[in-house]
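Student: Structure provided below as structure tokens; questions to follow.
The values are calculated or read from the model by the stated rules, or taken from the named source; none is laboratory data. As the structure is a prediction and not an experimental result, all values here were calculated from the model. Virtual Cβ from ideal backbone geometry, glycine too; neighbours counted across all protein chains shown. The area values use the complete protein model at the heavy-atom level, side chains included, leaving out ligands, DNA and RNA. Shrake-Rupley method; radii C 1.70, N 1.55, O 1.52, S 1.80 Å.
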Amino acid sequence: MLDVERLARELGNWRTASSSGPVYQGLADGIRMLIVDGRLPVGARLPSERALAECLRVSRTTVTSAYAQLREDGYLLARRGARSTTALPATPNADTPPAVSRGAVNLANAALAAPVPAVLAALTAATGQMAPYLHDTGIELTGVPSLRRAVAERYCERGLPTEADDIMITTGALHAIGLILATYTQPGDRVLVEQPTYHGALAAISTAGARAVPVAIGEDGWDLGALHNAVRQLAPSLAYVVPDNHNPTGLTMPQPQREELAAMIADTRTRTIVDETMTEVWLDEPVPPPVATAMTRRRDLLLTIGSMSKSFWGGLRIGWIRADPSTLASIAALRPSIDMGTPILEQLAAAELMRVADDVLPERREILRTRRALMLSLLDEHLPDWQPCPGGGGLALWVRLPTPMSSALSAAASRMGLDVPPGPRFGVDGSLERFIRIPYTLPPEQMTEAVTLLARAWHAVTGATAPQQRVVVV
């Protein structure tokens with residue numbers, strides 16, 4: 001059974017969802033979004049109505065009505081003599097507008113489609129290189145040599161001397177995070193994270209049984225003083241930071257702060273994951289040299305991760321860890337208990353793509369610049385009170401809402417067929433209700449439809465009227 005206090009923390013400021021409707025509906029929407037986001041596992045038993053009512057300081061009738069609504073919508077299963085368990089409905093809710101199917105537009109995934117000619121050419125070349133591997137087991141715990149060399153060369157080009165032995169290939173960046181957590185944390189350990197941060201990392205920390213401890217990152221960037229104080233006071237087993245085109249804010253840590261971060265890691269002996277998944281997705285100006293270039297002491301404490309998913313294509317599922325060879329040996333020793341390595345064909349294709357990166361990536365950045373400009377224009381037209389935070393790269397806008405109603409907005413959008421995660425998904429303990437992440441990676445016509453639905457959901461939640469169309473008189 002779910003702990004009632006944990007459920008209350010995950011719900012965060014759920015009451016904002018009921019500001020334009022019944023209180024029980026806001027509570028039902030809050031629980032439903034936790035199930036949809038995966039923060040409440042399917043099959044979990046919810047606390048009793050009385051216990052949740054006392055914890056949330058609402059009437060038992062409110063909780064009873066919320067549970068009844070969730071059962072009607074298919075998100076709770078009731079069994080005689082037992083508590084209700086969470087579920088996902090097999091079919092859309094009855095209140096879904098018939099003209100729009102659930103999940104018709106997706107703003108949950110911040111990723112581009114593949115550069116088709118380059119990926120097809122890489123896969124064709126990779127197929128021709130497979131023969132030698134077919135005469136072996138096909139198990140490569142650290143990765144095929146050609147890809148490890150290609151990744152190492154890319155670091156060298158960025159000013160960080162790297163050898164193939166410093167690289168381990170993984171099945172995506174999230175897999176890399178999971179391997180590091182499995183190697184260096186125990187259940188109950190603290191892991192320091194930025195707030196907001198990549199929601200996949202938060203899920204991985206939770207899955208490992210560790211506890212994410214947040215340090216806020218503001219619209220102006222990182223407060224390394226606060227980060228340092230948190231490390232001193234909490235002594236986390238691990239820290240996780242995203243200094244390049246930060247997900248979700250799009251901010252990039254300046255070089256002086258990178259040097260300060262490196263010194264803090266060495267001084268406090270805090271093993272740290274530096275997530276460079278977004279490094280190549282810069283739009284306004286290239287990112288500074290890697291944080292690892294500033295590590296003059298205790299280089300064994302820094303583990304840099306990267307990925308092909310955001311810069312090339314997520315379907316490859318190729319990521320990596322750059323670390324001291326002794327660190328990689330520790331991870332490799334544990335890895336067989338988790339998986340037996342990354343598929344060979346995709347690794348060979350990734351190596352081919354690395355060789356043409358400077359031909360492919362400029363075009364992808366230009367696509368993103370154009371789509372970002374369109375998204376900003378659409379938001380200005382349909383939701384002028386929303387404030388996108390200043391960020392110089394990445395794949396999404398981190399937007400401040402006029403009122404803290406992110407979960408309510410997400411729930412309303414879901415009922416209209418638009419999938420957009422609420423702000424709390426990118427934070428710890430249900431915070432960030434005043435923010436929402438909006439990717440600009442969809443084709444223009446889909447982005448236009450998405451913002452139209454988003455505006456409709458916002459007006460439904462707030463009771464506000466749509467902005468007047470601007471008329472230009474010539």
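Student: Is it the case that Leu454 is buried (at least 22 other Cβ atoms within 10 Å of the Cβ) and at pLDDT below 95? Give the steps one after another, and end with the answer.
Tutor: Values: buried (at least 22 other Cβ atoms within 10 Å of the Cβ): yes; at pLDDT below 95: no.
For Leu454, the condition - buried (at least 22 other Cβ atoms within 10 Å of the Cβ) and at pLDDT below 95 - is not met.
Student: Would you mind stating whether Arg434 is out of contact with any Asp or Glu (no Cβ under 9 Å at 6 or more places or on another chain), under 26 Å from Ser206 (Cβ atoms) and open to solvent by 60 Å² or more (accessible area, probe 1.4 Å)? Steps first, answer last, please.
Tutor: Details: out of contact with any Asp or Glu (no Cβ under 9 Å at 6 or more places or on another chain): yes; under 26 Å from Ser206 (Cβ atoms): yes; open to solvent by 60 Å² or more (accessible area, probe 1.4 Å): yes.
So Arg434 passes the test.
Student: Considering only the range 345-392, state which residues are part of a helix (DSSP H, G or I), open to solvent by less than 20 Å² (accessible area, probe 1.4 Å) and closer than 18 Å to Thr249 by Cβ.
Tutor: Answer for the range 345-392, where residues must be part of a helix (DSSP H, G or I), open to solvent by less than 20 Å² (accessible area, probe 1.4 Å) and closer than 18 Å to Thr249 by Cβ: Leu368, Met375, Leu379.
Student: Return the residue satisfying two criteria in turn: it lies in the range 311-330 and is within 16 Å of Met168 (Cβ to Cβ) and among the small types (Gly, Ala, Ser), and of such residues it is surrounded by the fewest Cβ atoms within 10 Å (Cβ to Cβ).
Tutor: In the first step, residues of the range 311-330 are kept if they are within 16 Å of Met168 (Cβ to Cβ); the result is 317-330.
Okay, now just the ones that are also among the small types (Gly, Ala, Ser), so 319, 323, 326, 329-330.
On the way: Gly319: 25, Ala323: 25, Ser326: 8, Ala329: 13, Ser330: 14.
Per the criteria, the residue is Ser326.
Student: Here is a list: Asp324, Asp359. Which entry is farther than 22 Å from Gly200 by Cα and touching a Lys or Arg at 6+ places or on another chain (Cβ under 8 Å)? Before you say what the answer is, go through the steps one by one.
Tutor: Details: Asp359 fails: touching a Lys or Arg at 6+ places or on another chain (Cβ under 8 Å).
The unique qualifying residue is Asp324.
Student: Right, here's the next one. When both residues are 6+ apart or on different chains and their Cβ atoms are under 8 Å apart, which pairs have a first residue that lies in the range 420-440 and is over 16 Å from Val242 (Cβ atoms), and a second that is open to solvent by 10 Å² or more (accessible area, probe 1.4 Å) and among the β-branched types (Val, Ile, Thr)?
Tutor: The qualifying pairs are Glu433/Thr16; Arg434/Thr403.
Student: Over 21 Å from the mean Cα position of the chain (by Cα) and surrounded by 17 or more Cβ atoms within 10 Å (Cβ to Cβ), is that true of Pro288?
Tutor: Yes: the conditions hold for Pro288.
Student: Against the definition (over 30 Å from Leu147 (Cβ atoms), out of contact with any Ser or Thr (no Cβ under 6 Å at 6 or more places or on another chain), aliphatic (A, V, I, L, M) and surrounded by fewer than 19 Cβ atoms within 10 Å (Cβ to Cβ)), how does Ala333 come out, yes or no?
Tutor: Values: over 30 Å from Leu147 (Cβ atoms): no; out of contact with any Ser or Thr (no Cβ under 6 Å at 6 or more places or on another chain): yes; aliphatic (A, V, I, L, M): yes; surrounded by fewer than 19 Cβ atoms within 10 Å (Cβ to Cβ): yes.
For Ala333, the condition - over 30 Å from Leu147 (Cβ atoms), out of contact with any Ser or Thr (no Cβ under 6 Å at 6 or more places or on another chain), aliphatic (A, V, I, L, M) and surrounded by fewer than 19 Cβ atoms within 10 Å (Cβ to Cβ) - is not met.
Student: Kindly indicate the residue of the range 393-426 that is assigned to a loop (DSSP other than H, G, I, E, B) and open to solvent by 10 Å² or more (accessible area, probe 1.4 Å) and also nearest to Pro89 (Cα to Cα) among those meeting that condition.
Tutor: Going through the range 393-426, the residues assigned to a loop (DSSP other than H, G, I, E, B) turn out to be 394-395, 401-405, 416-417, 420-421.
Next, only the ones that are open to solvent by 10 Å² or more (accessible area, probe 1.4 Å) stay: 402-405, 416.
Values: Pro402: 32, Thr403: 30, Pro404: 28, Met405: 24, Met416: 16 Å.
Per the stated criteria, the residue is Met416.
Student: Kindly provide the set of residues from the range 142-172 that are of a type in the set (A, V, I, L, M, F, W, C) and either within 12 Å of Ile321 (Cβ to Cβ) or open to solvent by less than 50 Å² (accessible area, probe 1.4 Å) (or both), ordered by number. Don't jump to the end; show me each part of the working.
Tutor: Here is the first cut: in the range 142-172, the residues of a type in the set (A, V, I, L, M, F, W, C) are 144, 147, 150-152, 156, 160, 164, 167-169.
Within the range 142-172, Val144, Leu147, Ala150, Val151, Ala152, Leu160, Ala164, Ile167, Met168, Ile169 qualify.
A quick yes/no check of all residues on (1) open to solvent by less than 20 Å² (accessible area, probe 1.4 Å); (2) in contact with a strand residue (DSSP E or B) (Cβ under 8 Å, 6 or more places away or on another chain); (3) under 21 Å from Arg434 (Cα atoms); (4) not in a strand (DSSP E or B):
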position: Gly178; (1), (2), (3), (4): no, no, no, yes
position: Gln186; (1), (2), (3), (4): no, no, no, yes
position: Thr197; (1), (2), (3), (4): yes, yes, yes, yes
position: Ser206; (1), (2), (3), (4): no, yes, no, yes
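Student: Here is a check on your reading of the model: is Met354 in contact (Cβ under 8 Å) with a residue 60 or more places away in the chain and within 30 Å of Ala125 (Cα to Cα)? Give the derivation first.
Tutor: Details: in contact (Cβ under 8 Å) with a residue 60 or more places away in the chain: yes; within 30 Å of Ala125 (Cα to Cα): yes.
Taking the combined requirement at face value, the residue satisfies it.
Student: Take Ala464 and decide whether it is modelled with pLDDT under 90, open to solvent by 20 Å² or more (accessible area, probe 1.4 Å) and either aliphatic (A, V, I, L, M) or at positive phi (or both). If you could, list the steps in order and put the result at the bottom.
Tutor: Details: modelled with pLDDT under 90: yes; open to solvent by 20 Å² or more (accessible area, probe 1.4 Å): yes; either aliphatic (A, V, I, L, M) or at positive phi (or both): yes.
Yes; evaluated as a whole, the condition is true for this residue.
Student: Let me ask another. With the structure loaded, tell me whether Gly159 is modelled with pLDDT under 95 and on the phi > 0 side of the Ramachandran plot or whether it fails that test.
Tutor: no
Student: Just name the residue that is modelled with the highest pLDDT out of those in the range 122-141 that are among the hydrophobic types (A, V, I, L, M, F, W, C) and open to solvent by 60 Å² or more (accessible area, probe 1.4 Å). So that I can check it myself, show each step before the final result.
Tutor: Start the filter on the range 122-141 by keeping residues that are among the hydrophobic types (A, V, I, L, M, F, W, C), which leaves 122-123, 125-126, 130-131, 134, 139, 141.
Narrowing further to those that are open to solvent by 60 Å² or more (accessible area, probe 1.4 Å): 134, 139.
On the way: Leu134: 95, Ile139: 90.
The qualifying residue modelled with the highest pLDDT is Leu134.
Student: In addition: Inside the range 96-109, can you point out the residues that are at pLDDT 90 or above and either over 25 Å from the mean Cα position of the chain (by Cα) or surrounded by 20 or more Cβ atoms within 10 Å (Cβ to Cβ) (or both)? Explain how you work it out, then say what you get.
Tutor: Applying the first criterion (at pLDDT 90 or above) to the range 96-109 yields 106-109.
Scanning the range 96-109 gives a single hit, Leu107.
Student: Let me ask you something else. What tally of residues in the range 260-275 results from selecting those that are without any contact (Cβ under 8 Å) to a residue 40 or more places away in the chain and either within 18 Å of Thr327 (Cα to Cα) or in contact with a Cys (Cβ under 6 Å, 6 or more places away or on another chain) (or both)?
Tutor: 5
Student: I'd like to check something: does the range 264-275 contain any residue that is within 17 Å of Ala111 (Cβ to Cβ) and open to solvent by less than 40 Å² (accessible area, probe 1.4 Å)? Show your work before the answer.
Tutor: Taking the range 264-275 first, the residues within 17 Å of Ala111 (Cβ to Cβ) are 275.
This time we only want the ones that are open to solvent by less than 40 Å² (accessible area, probe 1.4 Å), so: 275.
The answer is yes, given that some residue of the range 264-275 is within 17 Å of Ala111 (Cβ to Cβ) and open to solvent by less than 40 Å² (accessible area, probe 1.4 Å).
Student: Now for a separate question. For the range 299-310, which positions are open to solvent by 10 Å² or more (accessible area, probe 1.4 Å) and farther than 20 Å from Leu181 by Cβ?
Tutor: Matches in the range 299-310: Arg299, Lys310.
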